[in-house]
């Protein structure tokens, strides 16, 4: 059932018009990682408001899959790591890489198993917003604890999340605040909390504001043994500071509250959410309206997200297929939609890293750029080859362990390091074991299912012949350029 661009005029309240099959698929694709035919049909008869409410009602604060056993172990104190000899330190680094791979497998498994894909979608969004990398943090336990935090407040309160992330051990290490003291304040966190976490680069702050804020965050550190947050009063600069036009003996929490008071913060976060859920081109009028709602709701995320998802812009034809799937969305979404249940997710972990998105290791503090940056000549070819292997039906066993990953996009052919080449071979062999089982999958579908409406966000660029066997049509739809869009 097609929805005309003007059929749903939604400004705060949804019109009582069923969203239909394509509308339900659109909503589920944007708020999760793919969807099965049954999931799409469960929402198709609802109007937009009820459908969005049903999606948001699934929000969770905890994962449903048990985490790796190592997360219960105490993290290795940094001073003990520094005290190791070269051989022991190298062994510890190899162990951290392996534990990091286990952690990524667990998270992708949670994306597949969760009854609330929107929770994992928002957890991944916040991971990109508050970008932190295991490559610098090193401790997989700290990365896991941050992931737990992001999930807990995924659809909760942004202010609560901001305060918690600012004291999160992984963030304190990543942005060098753990060693910041009044005689030598480190400006990294103060700069990024303004540029990337709240106000947005160049909006409403000065270099002096950054320097003064850095003084307020001095003394925020880690316990030497447990790596838990601790406040070292002796290292804190308690003097008067001048920040964003205000003066006082501000501490770090008070600085965060000053940032939350600013209109720029609500607008910046709302704009990022718009680009994640609606389109790459924000509507300034709508963003202003939604940002005001966000501030009025005291930074509660769920009311903002609901208003965005029932907006006219979200349901507009112009927003359909306007976003490019991230590597995680492509791989996890394909597995979910086609109900492929691999014995191990290690090849999927390697695949998303080679395609340019390595969870737990974003490329820098700005996170992944997303959008058009997901696609280049190398990654587009890699996406095509990955899908061909999954839908070719070959049965090839994985040979050897997956190798350590980097956060860099897939390199051009002939420009790979030895490790990257081994990663690619591991992925290529491993993804073939994810073979699509048409006979099993087709038994779950109604006889008259519209495969194109289920698989694609828009009409196929190269539509398959209606006379072709259904399994051949599925393979052609997955190979179509439109399959890269959501």
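The values are calculated or read from the model by the stated rules, or taken from the named source; none is laboratory data. Every value quoted in this text rests on a predicted model; they were computed, and no experiment measured them. Cβ: placed from backbone, ideal geometry, glycine included. Neighbour counts: every protein chain shown.
Being in a helix (DSSP H, G or I) and under 18 Å from residue 186 (Cα atoms), is that true of even one residue in region 218-229?
So in region 218-229, the residues in a helix (DSSP H, G or I) come out as none.
For region 218-229, residues in a helix (DSSP H, G or I) and under 18 Å from residue 186 (Cα atoms): absent.
Regarding region 212-227, can at least one residue be identified that is without any contact (Cβ under 8 Å) to a residue 12 or more places away in the chain and touching a helix residue (DSSP H, G or I) at 6+ places or on another chain (Cβ under 8 Å)? No, region 212-227 has no match at all. Within the bounds of region 470-485, is there any residue that is in contact with a strand residue (DSSP E or B) (Cβ under 6 Å, 6 or more places away or on another chain), part of a loop (DSSP other than H, G, I, E, B), at pLDDT 95 or above and surrounded by 12 or more Cβ atoms within 10 Å (Cβ to Cβ)? Taking every residue of region 470-485 in turn, none turns out to be in contact with a strand residue (DSSP E or B) (Cβ under 6 Å, 6 or more places away or on another chain), part of a loop (DSSP other than H, G, I, E, B), at pLDDT 95 or above and surrounded by 12 or more Cβ atoms within 10 Å (Cβ to Cβ).
Answer yes or no as to whether residue 159 is out of contact with any strand residue (DSSP E or B) (no Cβ under 6 Å at 6 or more places or on another chain), surrounded by fewer than 21 Cβ atoms within 10 Å (Cβ to Cβ), on the phi > 0 side of the Ramachandran plot and at pLDDT 95 or above. It is false that residue 159 is out of contact with any strand residue (DSSP E or B) (no Cβ under 6 Å at 6 or more places or on another chain), surrounded by fewer than 21 Cβ atoms within 10 Å (Cβ to Cβ), on the phi > 0 side of the Ramachandran plot and at pLDDT 95 or above. Being closer than 21 Å to residue 202 by Cβ, surrounded by fewer than 24 Cβ atoms within 10 Å (Cβ to Cβ) and modelled with pLDDT of 95 or more is a property that holds for residue 282.
Considering only region 349-381, how many residues are in a helix (DSSP H, G or I), in contact with a helix residue (DSSP H, G or I) (Cβ under 9 Å, 6 or more places away or on another chain) and more than 24 Å from residue 106 (Cβ to Cβ)?
Narrowing region 349-381 to residues in a helix (DSSP H, G or I): 349-354, 371-374, 377-381.
Now drop any that are not in contact with a helix residue (DSSP H, G or I) (Cβ under 9 Å, 6 or more places away or on another chain), which leaves 349-354, 371, 374, 379-380.
Cutting the leftovers down to more than 24 Å from residue 106 (Cβ to Cβ) gives us 371, 379-380.
Within region 349-381, residues that are in a helix (DSSP H, G or I), in contact with a helix residue (DSSP H, G or I) (Cβ under 9 Å, 6 or more places away or on another chain) and more than 24 Å from residue 106 (Cβ to Cβ) number 3.
Within region 327-348, being under 20 Å from residue 123 (Cα atoms) and assigned to a loop (DSSP other than H, G, I, E, B) holds for one residue alone: 345. Close Cβ contacts (under 7 Å, 6 or more residues apart or on different chains) running from residues in region 44-63 that are at pLDDT 95 or above to residues that are loosely packed, with under 15 Cβ neighbours inside 10 Å and in a loop (DSSP other than H, G, I, E, B) comprise 47/16; 49/13; 58/115. The single residue among 187, 110 that is without any contact (Cβ under 8 Å) to a residue 60 or more places away in the chain, surrounded by fewer than 24 Cβ atoms within 10 Å (Cβ to Cβ), out of contact with any strand residue (DSSP E or B) (no Cβ under 7 Å at 6 or more places or on another chain) and over 12 Å from residue 63 (Cα atoms) turns out to be 187. Residues in region 190-211 that are under 16 Å from residue 237 (Cα atoms) and either touching a helix residue (DSSP H, G or I) at 6+ places or on another chain (Cβ under 6 Å) or crowded, with 19+ Cβ neighbours inside 10 Å (or both): 190, 209, 210.
Listed residues 358, 376, 364; which is modelled with pLDDT of 80 or more and loosely packed, with under 14 Cβ neighbours inside 10 Å?
Values: 358 fails: loosely packed, with under 14 Cβ neighbours inside 10 Å; 376 fails: loosely packed, with under 14 Cβ neighbours inside 10 Å.
It is 364.
How many residues does region 174-191 hold that are closer than 18 Å to residue 241 by Cβ and in a helix (DSSP H, G or I)? Residues flagged as closer than 18 Å to residue 241 by Cβ and in a helix (DSSP H, G or I) within region 174-191 amount to 4. Taking only region 318-335 into account, find how many residues are more than 15 Å from residue 26 (Cβ to Cβ) and either buried (at least 23 other Cβ atoms within 10 Å of the Cβ) or modelled with pLDDT under 95 (or both). Final tally of qualifying residues: 7.
Going residue by residue through region 265-277, is there one that turns out to be under 25 Å from residue 203 (Cα atoms) and in contact with a strand residue (DSSP E or B) (Cβ under 9 Å, 6 or more places away or on another chain)?
Taking every residue of region 265-277 in turn, none turns out to be under 25 Å from residue 203 (Cα atoms) and in contact with a strand residue (DSSP E or B) (Cβ under 9 Å, 6 or more places away or on another chain).
Given the structure, is residue 23 within 23 Å of residue 456 (Cα to Cα), in contact with a helix residue (DSSP H, G or I) (Cβ under 9 Å, 6 or more places away or on another chain) and either at pLDDT below 95 or outside any loop (DSSP other than H, G, I, E, B) (or both)? So residue 23 passes the test.
So how many residues does region 438-449 have that are surrounded by 14 or more Cβ atoms within 10 Å (Cβ to Cβ) and assigned to a loop (DSSP other than H, G, I, E, B)? Number satisfying all stated conditions: 2.
Consider residue 239 carefully, then state whether it is exposed (fewer than 14 other Cβ atoms within 10 Å of the Cβ), at positive phi and either out of contact with any strand residue (DSSP E or B) (no Cβ under 9 Å at 6 or more places or on another chain) or modelled with pLDDT under 95 (or both).
Working: exposed (fewer than 14 other Cβ atoms within 10 Å of the Cβ): yes; at positive phi: no; either out of contact with any strand residue (DSSP E or B) (no Cβ under 9 Å at 6 or more places or on another chain) or modelled with pLDDT under 95 (or both): yes.
No, not satisfied.
Among the residues of region 155-173, those identified as within 14 Å of residue 229 (Cβ to Cβ), in contact (Cβ under 8 Å) with a residue 40 or more places away in the chain and assigned to a helix (DSSP H, G or I) are 163, 166, 169, 171, 172, 173.
If you go through region 310-329 and pick out every residue that is within 13 Å of residue 457 (Cα to Cα) and under 16 Å from the mean Cα position of the chain (by Cα), you end up with 3.
Figure legend. Inter-residue proximity from region 453-465: first residues surrounded by fewer than 14 Cβ atoms within 10 Å (Cβ to Cβ), second residues assigned to a loop (DSSP other than H, G, I, E, B) and at pLDDT 95 or above, beta-carbon distance below 6 Å, spacing 6+ or different chains. Indicated pairs: 461/480; 462/480. Screening region 239-256 for residues that are in a loop (DSSP other than H, G, I, E, B) and without any contact (Cβ under 8 Å) to a residue 24 or more places away in the chain and picking the one that is nearest to residue 199 (Cα to Cα) gives 245.
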